[in-house]
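The values are calculated or read from the model by the stated rules, or taken from the named source; none is laboratory data. In this text the structure is predicted, and so the values were computed from the model without any measurement. FYI the Cβ positions are ideal-geometry reconstructions off the backbone, even for glycines, and counts take in every protein chain you see. Note: areas computed on protein heavy atoms with side chains; ligands, DNA, RNA excluded. Shrake-Rupley method; radii C 1.70, N 1.55, O 1.52, S 1.80 Å.
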Amino acid sequence: QVQLVESGGRCAQPGGSLTLSCTAYMSMFCLYTMGWYRQAPGKERELVASISSGGSLTYADSVKGRFTISRDNAKNMAYLQMNSLKPEDTAVYSCNARNAALYRVYWGQGTQVTVSS
């Protein structure tokens, strides 16, 4: 019933920019906190950024000033704008939708971002 689909992952050069998109096929999208997570080879999955239903923002220290999360409730979409990319940003990026009050959490299957020369 619920499906989150990421797109936009590709190869990019250091210092370049890339935008990831997440389309949420679900009801009541506006009630969910949307997040982006990433997992690099040999590393644990980490929170990159999140945006609540009210617009509150959180960012990992490693991406502050470089990445921007946003959402468009009319389109049921969330975005991650990534600037000044570094090789260490290479990872699989996954979209997450969460509503603690409703006891619901959903995950997309991820999109690969590779930053190299």
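Here are the numbers:
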item	result
Förster radius 25 Å - calculated FRET efficiency between Glu44 and Thr114 (Cβ-Cβ, nearest 0.05)	0.85
Where labels lie 7 Å past Cα in the beta-carbon direction, separation of Val5 and Cys30 in nm	2.4 nm
Rounded if a/c under 1.5, otherwise prolate or oblate - segment 17-56, Cα gyration tensor axes	prolate
Cα gyration tensor shape for segment 58-97, rounded if a/c is under 1.5, else prolate or oblate	prolate
In sequence order, calculated HN-Hα J values of segment 18-26 (Karplus, 6.51, -1.76, 1.60; Hz; x Gly/Pro)	7, 10, 9, 10, 10, 9, 9, 8, 7
Accessible surface of segment 27-89 [probe 1.4 Å, protein heavy atoms]: carbon and sulfur percent	49 percent
Heavy-atom accessible area order for Val48, Val105, largest first, 1.4 Å probe	Val105, Val48
Per residue solvent-accessible surface (Å²) - the chain, probe of 1.4 Å	55 Å²
Protein-only accessible surface order, largest first, of Arg45, Arg104, Arg66 at 1.4 Å	Arg45, Arg104, Arg66
